[in-house]
1. Out of all the residues in region 271-290, which are part of a helix (DSSP H, G or I) and within 9 Å of the ligand (Cβ to nearest atom)?
2. Which condition does residue 62 not pass, out of (1) within 16 Å of the ligand (Cβ to nearest atom); (2) assigned to a helix (DSSP H, G or I); (3) touching a strand residue (DSSP E or B) at 6+ places or on another chain (Cβ under 9 Å), if it passes all the others?
3. Quick one: in region 193-214, of everything that is within 22 Å of the chain's Cα centre (by Cα) and without any contact (Cβ under 8 Å) to a residue 40 or more places away in the chain, which residue is farthest from residue 267 (Cα to Cα)?
4. Here is a list of conditions, (1) more than 12 Å from the ligand (Cβ to nearest atom); (2) at pLDDT 95 or above; (3) not in a helix (DSSP H, G or I), and residue 340 meets all of them except one; can you say which number that is?
5. Taking region 106-128 only, how many residues are under 30 Å from residue 138 (Cα atoms) and without any contact (Cβ under 8 Å) to a residue 60 or more places away in the chain?
6. What number of residues within region 411-433 satisfy the criterion of being assigned to a helix (DSSP H, G or I) and touching a helix residue (DSSP H, G or I) at 6+ places or on another chain (Cβ under 6 Å)?
7. Against the definition (assigned to a helix (DSSP H, G or I) and within 16 Å of the ligand (Cβ to nearest atom)), how does residue 241 come out, yes or no?
Ligand code: CMX
């Protein structure tokens, strides 16, 4: 057994036993109540699932296994002389709850390189699609095309004990994560660079190799990708992509079916697609105003015009957070350290000054602060990566780390098929006493 798998097996076996005791001794205990508001309003904050890889506090933001983003930047291994954490380290942490050593992370980079071969039929499937197919659609289809390789599906068909589900789930997850950068880079190069593909560099780390295959041969861009792949990986279990992964996986669908579903959720403009919407909105502002150095008054007017048209300000607001997103702050810090005098970055910072005040004045927006998507596009554009309708694929590649770790835990703990209760509006009317 490989070292990560061995550790995962030990830890998950112990937790599974504890969970069994909790269920036996406390199964009847109430842990939440649901209001009508929550039921109609998208189940906000209803405590209804287990997700150990990360946890989201409304004020403080995300913690991965207890560590916040600045701590991860200090503690997770990096490339020699690198300043940003390696996403491999975060995956290790999410899987087993321990900060890995540099040696552990080197092993994982090499292991993912070893598993990274993508079957030709996956590329052939992509080639059957028009090149103007949205990159997220291509991504989701390519993930499904890999389903034929699912070890979990094969073992299930052969007949497998419940106690063994975690093992092929681990193998499928490791294989899929290893292959995603190659597939995602292929989609980018076929869509925007005339299918002028760049061969993988199997000696590189996972995020660096992805950056290289995208075609950006720049050390700062590699560092940005390592940071990007780390901070987008997980945001506890209730967000739409993670919850989709958990729900689809709960039917014992394998990792490919589950992750393709998760990516279809991420592709919505209220979720991951917001990162393309932000930069599109900023580009439209620049075009409308005829300048890339707008005054604060011009920006304020543009925000108000957007709201007057009944649209949301992309990149602002959050279903859980009530403070600036630490993932936004981490990207701002990256820009302050690495980027000087960039007009689009400046616009993002001006928006940070103005939007919260404008949204706050509406009196209905629960969180007027920026989320993760408010900054990422400006950083990418700075390095020449302007094809914004690809941006959600970057988010998706990163998100695989968290949701795959989550799914491995789901199967190891033997979590159940999800099946909440729905009610009809007639039931609701009777319940509230309406005729
Ligand atoms: N601009 C304008 N209005 C906003 C707003 C924004 N950025 N954020 C919230 N509102 C509005 C809502 O549309 C809602 O209006 P109505 O009552 O008229 O329907 C009201 O404020 C209350 O909403 P809320 O409780 O504050 O926010 P929700 O939990 O319902 O929604 C979110 C959260 C993210 C969907 C919302 O803030 C939004 O649409 N933001 C813009 C899109 C975005 O950036 N999404 C990315 C989120 C991060 C991610 O998941 O990737």
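1. Once the filter is applied, which keeps residues that are part of a helix (DSSP H, G or I) and within 9 Å of the ligand (Cβ to nearest atom), region 271-290 yields 274, 275, 277, 278.
2. Checking residue 62 against (1) within 16 Å of the ligand (Cβ to nearest atom); (2) assigned to a helix (DSSP H, G or I); (3) touching a strand residue (DSSP E or B) at 6+ places or on another chain (Cβ under 9 Å), the one that fails is (2).
3. Going through the qualifying residues, I end up with 212.
4. All conditions are met except number (2).
5. The qualifying residues number 7.
6. Total meeting the criteria: 3.
7. Yes, satisfied.
Here is a yes/no grid of residues against (1) closer than 20 Å to residue 228 by Cβ; (2) within 15 Å of the ligand (Cβ to nearest atom); (3) within 24 Å of the chain's Cα centre (by Cα); (4) not assigned by TED's automatic domain parsing to the domain that holds residue 70:
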residue: 292; (1), (2), (3), (4): no, no, no, yes
residue: 298; (1), (2), (3), (4): no, no, no, yes
residue: 304; (1), (2), (3), (4): no, yes, no, yes
residue: 307; (1), (2), (3), (4): no, yes, no, yes
residue: 312; (1), (2), (3), (4): no, yes, yes, yes
residue: 315; (1), (2), (3), (4): yes, yes, yes, yes
residue: 325; (1), (2), (3), (4): yes, yes, yes, yes
residue: 332; (1), (2), (3), (4): yes, no, yes, yes
residue: 345; (1), (2), (3), (4): yes, no, yes, yes
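The values are calculated or read from the model by the stated rules, or taken from the named source; none is laboratory data. For clarity, every value in this text was computed on a predicted model and none was experimentally measured. So basically every Cβ, Gly included, is an ideal-geometry build from the backbone, and we count neighbours across all protein chains shown.
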